[in-house]
Amino acid sequence: MTRSLFDKLLDLALEEDLGHGDITTDSVVPADAKATAKVLAKQPMVVFGLRHFSEVFYRLDARINIERLVEDGAPVAPGTVVANLSGPARAILTGERTALNLLMRLSGIATMTRAMSTALRDYPNCRLLDTRKTTPGMRSLEKEAVRAGGGANHRMGLFDGVLIKDNHIAVAGGVAEAIRRAKAGNHHLVKIECEVVDIPGVEAAISAGADAILLDNMDDATTAQAVKLIRAAGRPIFIEASGNMNIQRIPRVAALGVDGISVGALTHSATSVDLSLEFQPA
């Protein structure tokens, strides 16, 4: 995530929580009070986002010292202290919730991704891919968390990859015409991926020269048939499977010979993990 985008995200997040001031902390805690605290994992997890967590506090008061005790992407057990903080008490208290929200959300995505990537360990040539089903404003962070969990990124946004979906096809008048238009509208280095939902769609995408074909919401038998047709085309075509994917099904789909499985749940359904920031007695 570029620095300017992350700055904007932090500005919005802190403005949302802080408003015109932390009236509880400012009325209860002396301005010169110091504090130490620890960040504690309360469940098994893959930690990701400690540097983003830290930036929240640095934005509030550069005097806060943060000691990160684990690396991003590391699995930890319940009870693990992942970071220590010390410095002005007011700033630590004010930043606590925003910083934890970021860390808990991103670690939740990394944790879920690690579980799913582990389920694919017997199929190293099949990529576990994310999607654009991300929290608005947090896409780059969430895609970083996917990588930390062992997954890979699909396109970042509408600007960096052609993916013709069902509604594009409906407007264009068919698979072949949509692919033709995409090829005509982009230079030769841009690959064209097209989503299809049945075998006639697969055949049309192959004939039209798609570089990648997304098999959407196909059952296993249809997926196997589609893979066989695409592999027989005589040219390299990336095969992606998507739709109704879960940790139980993805190894079975990978065994059918696809190159990638995209799972929207990595970002839209990951549950935030449980972390707490605990102050030490004065």
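The values are calculated or read from the model by the stated rules, or taken from the named source; none is laboratory data. These figures come from a predicted structure and were not determined experimentally. Ideal geometry is used to build each Cβ from the backbone, glycine not excepted, and the neighbour counts take in all protein chains shown. Just the protein is used for accessible areas: all its heavy atoms, side chains included, with ligands, DNA and RNA removed. Shrake-Rupley method; radii C 1.70, N 1.55, O 1.52, S 1.80 Å.
A few notes on this one:
- Which numbered condition P281 fails, given (1) within 23 Å of A110 (Cβ to Cβ); (2) in a loop (DSSP other than H, G, I, E, B): (1)
- For region 250-278, the set of residues classified as touching a Lys or Arg at 6+ places or on another chain (Cβ under 6 Å), within 14 Å of G108 (Cβ to Cβ) and open to solvent by less than 40 Å² (accessible area, probe 1.4 Å) consists of T267 only.
- Filtered by the rule that a residue be touching a Phe, Trp or Tyr at 6+ places or on another chain (Cβ under 8 Å), assigned to a loop (DSSP other than H, G, I, E, B) and under 14 Å from G151 (Cα atoms), region 246-278 gives a lone residue, D259.
- Close pairs (8 angstrom Cβ cut-off, 6 or more residues apart or separate chains): under 14 Å from V196 (Cα atoms) and modelled with pLDDT of 95 or more in region 170-185, open to solvent by less than 80 Å² (accessible area, probe 1.4 Å) and part of a loop (DSSP other than H, G, I, E, B) anywhere: I179/G209; I179/A210
- Of the listed requirements (1) of a type in the set (D, E); (2) at pLDDT 95 or above; (3) open to solvent by 70 Å² or more (accessible area, probe 1.4 Å), D11 misses just one: (2).
- Taking the criterion of being over 15 Å from D72 (Cα atoms) and either basic (K, R) or open to solvent by 40 Å² or more (accessible area, probe 1.4 Å) (or both), the residues of region 95-107 that qualify are E96, R97, N101.
- Reported count of residues in region 69-107, each being under 17 Å from H52 (Cβ atoms) and small (G, A, S), is 7.
- Residue within region 155-168 that is crowded, with 20+ Cβ neighbours inside 10 Å, assigned to a helix (DSSP H, G or I) and either among the aromatic types (F, W, Y) or more than 21 Å from the chain's Cα centre (by Cα) (or both) present: no
- Matching residues, region 120-134, being touching a residue at least 40 places away in the same chain (Cβ under 8 Å), under 17 Å from the mean Cα position of the chain (by Cα) and open to solvent by 50 Å² or more (accessible area, probe 1.4 Å): R127, K133
- Complete set of residues in region 220-245 that are in a helix (DSSP H, G or I), charged (D, E, K, R) and either touching a Pro at 6+ places or on another chain (Cβ under 8 Å) or within 19 Å of D122 (Cα to Cα) (or both): D220
- Residue in region 55-72 that is touching a residue at least 12 places away in the same chain (Cβ under 8 Å), part of a helix (DSSP H, G or I), within 21 Å of L12 (Cα to Cα) and open to solvent by less than 10 Å² (accessible area, probe 1.4 Å) present: yes
- Output for region 17-53, where each listed residue is among the aliphatic types (A, V, I, L, M) and part of a loop (DSSP other than H, G, I, E, B): V29, A31, A33, V47
- Pick from region 108-119, criterion of a type in the set (A, V, I, L, M) and surrounded by fewer than 21 Cβ atoms within 10 Å (Cβ to Cβ), ranking: farthest from L50 (Cα to Cα): A119
- Residues located in region 211-249, provided they are within 17 Å of H154 (Cα to Cα) and either open to solvent by less than 20 Å² (accessible area, probe 1.4 Å) or of a type in the set (S, T, Y) (or both): A212, I213, L214, L215, I237, I239, E240, A241, S242, G243
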